[in-house]
Structures are given as C-alpha cells and as structure tokens.
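These notes are about the structure you will find just below.
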Amino acid sequence: MGYTSVYDNVVLIGFMGSGKTSVGKILARQLYKDFVDVDTIIEAEEKMSVTEIFETKGEAYFRELEQKCINKLTEKKGQVIATGGGLPIHSSIAEKSLIVYMDADFDVILSRLPKKEREKRPLLEDEVRARALYAERIDTYKELAVFTVDSNQKIPIFIHVIRDFILDQRVL
Ligand code: S3P
C-alpha cells in the first residue's frame with residue numbers, strides 16, 4: 001500500500017547545542033532512515049574542522065558550503081538531516097522538507113555543553129555575542145518550523161513526540 005508523502009526529508013534545525021545531531025541519529029535509527037549531518041559532511045569534504053574553516057576561509061565561505069550541501073542532500077529523499085545552527089538563517093531549505101525546530105533555552109544549552117563542545121563552535125566563544133545571536137535567530141527558527149519540540153528536557157523524554165508526529169502524518 002503506497003501513499004504519497006508530502007515531505008521528502010526531515011530537517012532538524014535549532015541553535016548550537018540544542019541536540020540536533022543526537023536526536024537525528026536516534027530518530028533515523030527508529031524510523032529506519034539514513035542520518036546525515038551537514039557539518040560532518042562539510043568537514044569531511046574540506047578535510048578541516050568547522051573552526052579551521054572559519055579561521056582560514058571565513059564564515060561567508062562556510063555559509064556557501066552549507067547552502068551547497070543542503071541543496072545536494074535534499075535532491076534525495078528519506079533522510080533525517082541535522083543542520084548547523086546558522087544554516088536556516090543563511091540558506092534556503094527545499095520546500096518539501098519537514099522542518100523540526102529543537103527549541104531549547106539559551107541557558108539550558110550553555111549548561112549542557114561541556115567546554116570541549118563549546119570550543120568546537122567559533123560563534124559560541126563569546127557568551128554575550130552568542131546570547132545576542134540566539135535572540136536574533138529564534139523568530140526565524142519558529143517561522144520555518146512545521147513542528148516545534150521543547151528540547152529543554154532530556155532526549156528520551158521528547159524523542160517519541162517527534163517520532164509519533166512523523167509517523168502520524170506519514171510524512172516520510
Ligand atoms: C553554527 C553552528 C554550528 C556550525 C558552525 C556555525 C551557527 O553547528 O555549523 O559552528 O552559526 O550556529 P551546530 O549547530 O551543530 O553547533
């Protein structure tokens with residue numbers, strides 16, 4: 001029994017450290033879908049970490065890579081895609097994507113991220129600027145989202161909410 005799906009892929013968006021990669025991996029496994037992570041793909045293709053790309057080539061270059069990467073990924077179907085926090089701000093995402101916003105408070109995000117994880121994110125280095133960036137971005141995340149999940153809680157508490165939404169809507 002086939003059905004026509006409205007969406008091609010699930011795309012997770014949200015601020016740095018909101019849990020997109022961890023949630024994406026679990027969701028993909030539970031839904032028998034492929035998991036892909038934009039930052040990881042870019043790092044592999046450039047053979048550099050995101051921090052090194054920012055340092056040597058600049059943020060604008062990184063944003064171009066993000067747009068190219070998401071364009072290429074969304075040519076395919078049936079994936080759970082984790083994006084970097086700035087991707088939906090700087091790039092457009094194919095219309096047939098089920099965009100899920102992982103909504104976590106700034107202070108929760110900070111308290112969750114160990115120093116090592118913070119150091120991987122050049123835009124988190126300065127806490128005052130990062131807080132301002134969060135405030136700037138939050139409306140865009142909300143506007144783009146088809147579904148918003150409160151990700152202030154621990155992943156096992158809310159993962160089924162996203163999974164059930166996807167299954168109920170037969171979106172993939
Ligand atoms: C960024 C988020 C990072 C990474 C880069 C820029 C941003 O990804 O793409 O450091 O602009 O918010 P995560 O959201 O996975 O940390």
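Here, each number is a calculation from the coordinates, and none is a lab measurement. Remember, predicted model here, so these are calculated numbers, not experimental data. For neighbour counting, all protein chains shown are included, and Cβ atoms are generated from backbone atoms with ideal geometry for every residue, glycine included.
Quick notes on this structure:
- Unique residue being under 17 Å from residue 35 (Cα atoms) and more than 15 Å from the chain's Cα centre (by Cα) when the list is 115, 154, 68, 76: 76
- Filtered residues of the range 69-83 (kept if surrounded by 14 or more Cβ atoms within 10 Å (Cβ to Cβ) and on the phi < 0 side of the Ramachandran plot): 69, 70, 73, 74, 79, 80, 81, 82, 83
- Residue 38 being touching a Cys at 6+ places or on another chain (Cβ under 9 Å), within 9 Å of the ligand (Cβ to nearest atom) and touching a residue at least 12 places away in the same chain (Cβ under 8 Å): yes
- Of all residues in the range 141-164, those satisfying the criterion of being assigned to a helix (DSSP H, G or I) and in contact (Cβ under 8 Å) with a residue 60 or more places away in the chain are 141, 144, 155, 159, 162, 163.
- Top-ranked residue in the range 112-125 [being in a helix (DSSP H, G or I) and within 14 Å of the ligand (Cβ to nearest atom); ranked as surrounded by the most Cβ atoms within 10 Å (Cβ to Cβ)]: 124
Residues checked against (1) surrounded by 13 or more Cβ atoms within 10 Å (Cβ to Cβ); (2) within 12 Å of the ligand (Cβ to nearest atom); (3) of a type in the set (D, E, K, R); (4) in contact (Cβ under 8 Å) with a residue 24 or more places away in the chain:
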site	(1), (2), (3), (4)
85	yes, yes, no, yes
101	yes, no, no, yes
106	yes, no, no, yes
110	yes, no, no, yes
127	no, no, yes, no
134	yes, yes, no, yes
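- Count - residues of the range 47-92 that are part of a loop (DSSP other than H, G, I, E, B) and either farther than 19 Å from residue 119 by Cα or not small (Gly, Ala, Ser) (or both): 10
- Scan of the range 56-83 for residues that are touching a residue at least 12 places away in the same chain (Cβ under 8 Å) and among the β-branched types (Val, Ile, Thr), ordered by number: 70, 74, 80, 81, 83
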